[in-house]
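Below is one structure; the comments refer to it alone.
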Amino acid sequence: MSGNPTSSAPALPVPPGPVTLRINGQSHQLQLAPWTSLLDALREYAGLTGTKKGCDHGQCGACTVLVDGKRINSCLTLAVLQEGADITTIEGLGSEHALHPLQQAFIDHDAFQCGYCTPGQICSAQGLINEGKAHTEDEIRELMSGNLCRCGAYAGILAAVKEVVDGKSLEHGNRS
């Protein structure tokens, strides 16, 4: 072939851009690449390491957070898609001096061993409470099935979630 070979210039990487996320009631302006997962934005850019990276494929639930009160696997969504949403992580559910009822119930029922899955378990439990669908042990088991515990603390986790669900039911006068 004669002449100039057909070549295309290599694609330039997309530079990071500003993304504003509302996390635990506070606005965070972060410089993120468009492909940054919410999980990585929380841990690596916002410094909130309570949300854990487990499988990074949406199969273990360790990265569960609440977005507008609904539970999601933060490894499966892009941070840029969550602009304007209200994101709650384990750090936003309670504090060292005022534990959230689920956090206290997990302690009371020894619902963790290594603790790695605990933040995702608690966020998932709060999400199912928000959904108002978990009233029985079987419903709680089913709705929590996306959160895996390698230590096998399932009996304690179920007892902790059930305690809080029953407490919520009593508060609203619709105990099942």
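The values are calculated or read from the model by the stated rules, or taken from the named source; none is laboratory data. Values in this document were obtained by computation on a predicted structure and should not be read as measured data. FYI the Cβ positions are ideal-geometry reconstructions off the backbone, even for glycines, and counts take in every protein chain you see. Protein only, heavy atoms only, side chains kept; ligands, DNA and RNA dropped before computing areas. Shrake-Rupley method; radii C 1.70, N 1.55, O 1.52, S 1.80 Å.
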inquiry  = Amide H of Leu32 versus every other amide H placed in the peptide plane: which residues, excluding those fewer than 5 positions away on the same chain, fall under 5 Å?
reply    = Gly17, Val19
ask   = Any idea of the accessible area per residue across segment 31-83, 1.4 Å probe, to the nearest Å²?
value = 46 Å²
ask   = Out of residues 5 or more away from His100 or on other chains, whose amide H comes under 5 Å of its own, with H placed 1.01 Å from N in the peptide plane?
value = Gly94, Ser95
Within the chain: Cβ-based charge dipole about Cα centre, in debye rounded to nearest 20 (Lys, Arg +1; Asp, Glu -1) = 320 debye
remark   = Check: C-alpha center segment 121-161 vs C-alpha center segment 49-99, spacing in Å is 16 Å
request  = Enter the angle in degrees (range 0 to 90, nearest 10) between the Cα long axis of helix 154-171 and the first principal axis of the Cα atoms of the chain, meaning the one along which they spread out most.
outcome  = 70 degrees
note = If one compares the long axis through the Cα atoms of helix 118-131 with the longest principal axis of the Cα atoms of the chain, the angle in degrees, nearest 10, works out at 70 degrees
task = Find me the longest stretch of the chain that has none of the exposed trypsin sites (Lys or Arg not before Pro), where exposed means in a DSSP loop (not H, G, I, E or B) with at most 14 other Cβ atoms within 10 Å.
result = 1-132
note = Relative contact order of the chain (C-alpha contacts under 8 Å, at least 6 apart) in percent is 20 percent
key: ³J(HN,Hα), Karplus 6.51/-1.76/1.60, whole Hz, each residue of segment 98-109, x for Gly, Pro   = 9, 5, 5, x, 5, 4, 5, 5, 4, 5, 4, 9
remark   = Using alpha-carbon positions, the gyration tensor of segment 19-176 gives root eigenvalues a ≥ b ≥ c; with a/c under 1.5 called rounded, otherwise prolate if a/b exceeds b/c, else oblate, the class is prolate
ask   = Given a 1.4 Å probe and every protein chain left where it sits, what share in percent of the accessible area of the chain is carbon and sulfur?
value = 52 percent
task = Could you order Glu163, Glu96 by accessible surface area, starting with the largest, using a probe radius of 1.4 Å?
result = Glu96, Glu163
request  = With unit charges on the beta carbon (Lys/Arg positive, Asp/Glu negative), name the residue among Ala125, Cys151, Leu102 whose Cα is farthest towards the positive pole of the charge dipole of segment 101-160.
outcome  = Cys151
request  = Please list the non-local residues whose amide H lies under 5 Å from the amide H of Ala46, H modeled 1.01 Å from N, same-chain partners needing a gap of 5 or more.
outcome  = none
task = With both partners inside segment 1-114, how many of the DSSP beta bridges are antiparallel, as a percent to the nearest 5?
result = 90 percent
